Amino acid sequence: MEHTPPPFFVRGPAPLVRLAFFASLSLTLLVLDARFGYAEAIRSVLALAAYPIQQAARLPVVLAEGVAGYFASQSRLRAENEDLRARLLASALDAQRFESAAAEASNLRRLIGAAERLDRKVLPAEILYSGRDPYSRKVIVDRGTQHGARPGSPVVDDVGVIGQLTRAHAFVSEVTLLTDKSEAIPVQVLRNGLRAIAFGGGASGLLELRYMSANADVESGDALVTSGIDGTYPPGLPVATVIRVERDASYTFARVLAQPVAGIERGRYALVLSAGARSPAYPDDDAMRKGAKTRRARKPMADGS
């Protein structure tokens, strides 16, 4: 009676035989590869076959590195953007300061040129701030009695008349602008020499030539300059330009509006002019009556002689 195991349990070579076989095969392949390079093609095929497995194994690591790199790059870009934004803001501020300094230098050069053209002693002044009264047109300058500023002195810029120095303190002074309602300045039309008085228009920022007859020779676009007959403003300084002339047959006077040419509401620097030669005082009524009596008394004596 045979005790042969079923085919499912057939046993192969002994383990030691297998070890010896595979060891011999490995040595043979090593020698052949070292001497003739026969296994190079096999390694290439195996490497190609194992490449997808290697990439699949590295995929979690690659994904983790990508996510970490993404967040790191976002943080770095955010920091760089903030730095660039700060630099841009600083550059913009520097550019504004440069433009302001260039405009200020240009204004000062024009003021120097205007000071050289004037035949009076000038005192450069900086406008500090506007007056406290919102219904008046006044500014405060950084020149006072200690610097030689005196009330009544004209104040001009490189273009024309700004106003008049009305109150002087030790180190600051108050300048009433031409557009103030309480201010008036004698002017004349440059085209024909017609004299008039320009009054400030207040909040409108304009000047008005009052008491001009309806048929007065004044036209839009006429240049107005100081006439100099008040003894305060030198003659020939630009004051304003006529922008509108309203004539109505039912009224005796025309309504003439003019736009100041100087930096009434703008600019930072001005020139305070020294007072001109003092004009003779206007005779009062008593002096005029005494003069009339003296002339009448002298006339009979002249006839009798």
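The values are calculated or read from the model by the stated rules, or taken from the named source; none is laboratory data. What you see is a predicted model, and the numbers here were worked out from it, not measured in a lab. No Cβ is skipped: glycine too gets one built from the backbone with ideal geometry, and neighbour counts run over all protein chains shown.
Some values worked out for this structure:
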| read-out | value |
| --- | --- |
| Selected residue [modelled with pLDDT under 60, surrounded by 10 or more Cβ atoms within 10 Å (Cβ to Cβ) and either within 24 Å of Ala196 (Cβ to Cβ) or out of contact with any His (no Cβ under 6 Å at 6 or more places or on another chain) (or both)] from Ala287, Ala262 | Ala287 |
| Cβ-Cβ under 9 Å pairs, at least 6 apart or on other chains, the range 246-259 side free of Cβ contacts under 8 Å to residues at least 24 places away in the same chain, far side of a type in the set (D, E, K, R) and in a strand (DSSP E or B) | Glu246/Arg255 |
| Residue in the range 269-282 that is surrounded by 11 or more Cβ atoms within 10 Å (Cβ to Cβ), in a loop (DSSP other than H, G, I, E, B), at pLDDT 85 or above and not basic (Lys, Arg) present | no |
| Residue under evaluation Tyr233, criteria (1) at pLDDT 90 or above; (2) of a type in the set (Ser, Thr, Tyr); (3) closer than 23 Å to Lys138 by Cβ, criterion not met | (1) |
| Yes/no for Arg85 being surrounded by 10 or more Cβ atoms within 10 Å (Cβ to Cβ), among the basic types (Lys, Arg) and at pLDDT 80 or above | yes |
| The range 155-173, residues that are outside any strand (DSSP E or B) and within 28 Å of the chain's Cα centre (by Cα) | Asp157, Asp158, Val159, Gly160, Val172 |
